[in-house]
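A quick write-up on the structure given underneath.
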Amino acid sequence: MSNKILGLRPIIVLGMHRSGTSAVSGALSNIGVFLGQNLFKPQAGVNEKGFFENSTLVKINERLLTSFYSSWDDPLAFLMDVRKKDFGSLHSEAVDFLKSEYLEHKHWGMKDPRTTLLLPFWQNVFNDLDVKPFYLIMIRDPAEVCLSLFKRDGFSAEKSLLLWLNYTFCCFEKYDAESHLVMNYDFLLDEPESSLQKVINAYAPELSTDLEKGSGFVTKSLKNNSENEAFDKVSEPLKSIAEELFVLTASESIDIDKLSALRDRYRTYLQSLCGPISEHLKSVKMKELEYRKLFDDAYFSSWWKFSWPLRAVERFFSKK
């Protein structure tokens, strides 16, 4: 397929939520990497400096997950077979999105943790555009991620750890040391300049001129979670699989054979949780979609628009 994107190398940020993907994306944005036109705004207490997520990208990813009756926080999401599903018009929509959004930018990238779960889909899109991405994998101590998710979403340590494992294993889909770089969140916070320099050297050395501006975005205030006693009480084998995976990803050279064996262990464990749980999750998701459609139908209906002035008057008098 011939188009203007041909030959460019985007940087795709992968990793679990609450693992520093926003921090490193903000730094990349500051050195000249275009991340999208419609980025989500910062949110106090969650990401004060911004998410750096393209809202259109997130919407596409949400629809992709919905097609599996899944979501970003689905504990069984790792079992989705993204490679075998026919996404039809969504594939064409994703191709058109990249062409329209990033066509004119030499250095561009994408950041949405959901992309990690859907990596085979996006790799097919990149192949259609003859784009060869550079993948930046952000890794954070799973105990810290569990604590962060508990504070933000009230998730149990067990659920958070399942999510961390889902995303982390998916990060290494078709891992290749030439096209992937693994970065620990603590290393980014402790040594932002050398961390960013390492990314630049591997991705686009010409961006070094703005290194100071990029590294200045990263401060230790971005980290507000550390010890987590609940993580220590997580049952086996979940905890040991997570600890082994975290050690593996910290190595200078990723041992693919060990990673593959650990992935198989995790898949076996997840499959043991299926059955009634997966049936229940699908049922809940279908109900959510049903109510969302009813809400959309009502919200965009003529009677809703017609009654808006009456509701405004009602709100006025209720305040009085």
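Taken along the Cα-to-beta-carbon direction at a fixed 7 Å, the label points for D73 and E252 span 4.0 nm. For the chain, the residue among L103, T21, Y185 whose Cα projects farthest onto the positive side of the dipole built from Cβ charges is L103. Working from label points 7 Å from Cα in the Cα-to-Cβ sense, the N127 to L273 distance is 3.0 nm. Summarising the amide proton neighbourhood of L14: residues at separation of 5 or more, or on other chains, whose placed amide H is nearer than 5 Å comprise L136, I137, M138.
What FRET efficiency, computed as 1/(1 + (r/R0)^6) with R0 = 25 Å and r the Cβ-Cβ distance, is obtained for Y175 and R9, rounded to the nearest 0.05? Mind dumping the intermediate values first?
Values: r = 17 Å, r/R0 = 0.68.
Using R0 = 25 Å, I get an efficiency of 0.90.
Just the number: Rg to Rh for region 49-138, Cα atoms, Kirkwood Rh, two decimals. Don't skip to the answer; put the middle values down first.
On the way: Rg = 13.0 Å, Rh = 13.9 Å.
Here Rg/Rh amounts to 0.94.
Quick check on the chain: of the DSSP beta bridges with both residues there, what percent are antiparallel, nearest 5%? Intermediate values should be presented prior to the final figure.
Working: 2 of 16 bridges.
Of the beta bridges lying entirely in the chain, close to 10 percent run antiparallel.
Can you check what the Kirkwood hydrodynamic radius comes to for region 134-187, Cα pairs only, in Å to one decimal?
Details: mean 1/r = 0.0833 Å⁻¹.
Averaging 1/r across every pair of different Cα atoms and inverting gives 12.0 Å.
Comparing N124, V247, A298 along the charge dipole axis of the chain, the residue lying farthest to the positive side is A298, per the Cβ-charge model.
How big is D, in µm² s⁻¹, for the chain by Stokes-Einstein at 25 °C and 0.890 mPa s if Rh is the Kirkwood radius over C-alpha pairs? Answer, rounded: 116 µm²/s.
Per residue of the chain, what 222 nm ellipticity follows from adding -39500 (n - 2.57) for every DSSP H run with n ≥ 4, rounded to the nearest 500? Present the calculation step by step, with values, prior to reporting the outcome.
Values: 16 runs with 175 residues, N = 320.
Helices in the chain give a 222 nm mean residue ellipticity of -16500 deg cm²/dmol.
Each of the peptides 178-184, 32-38 was scored by the mean count of other Cβ atoms within 10 Å over its residues; in descending order, highest first, they stand as 32-38, 178-184.
Structure shown: which of K41/K106; K41/K99; K59/K111; K233/K282; K49/K111 lie over 18 Å apart, alpha-carbon to alpha-carbon?
Values: K41/K106 24 Å; K41/K99 24 Å; K59/K111 13 Å; K233/K282 29 Å; K49/K111 15 Å.
Beyond 18 Å between Cα atoms: K41/K106; K41/K99; K233/K282.
Think of region 17-97 as having a plus end and a minus end, set by charges on the Cβ of Lys, Arg, Asp and Glu; of F40, V58, W72, F40 sits farthest toward the positive end of this dipole.
None of the figures in this text is laboratory data; all of them are computed from the coordinates on show. Being a predicted model, the structure only gives us computed values, none of them experimental. Every residue, glycine among them, receives a Cβ derived from its backbone with ideal geometry; neighbour counts consider all protein chains shown.
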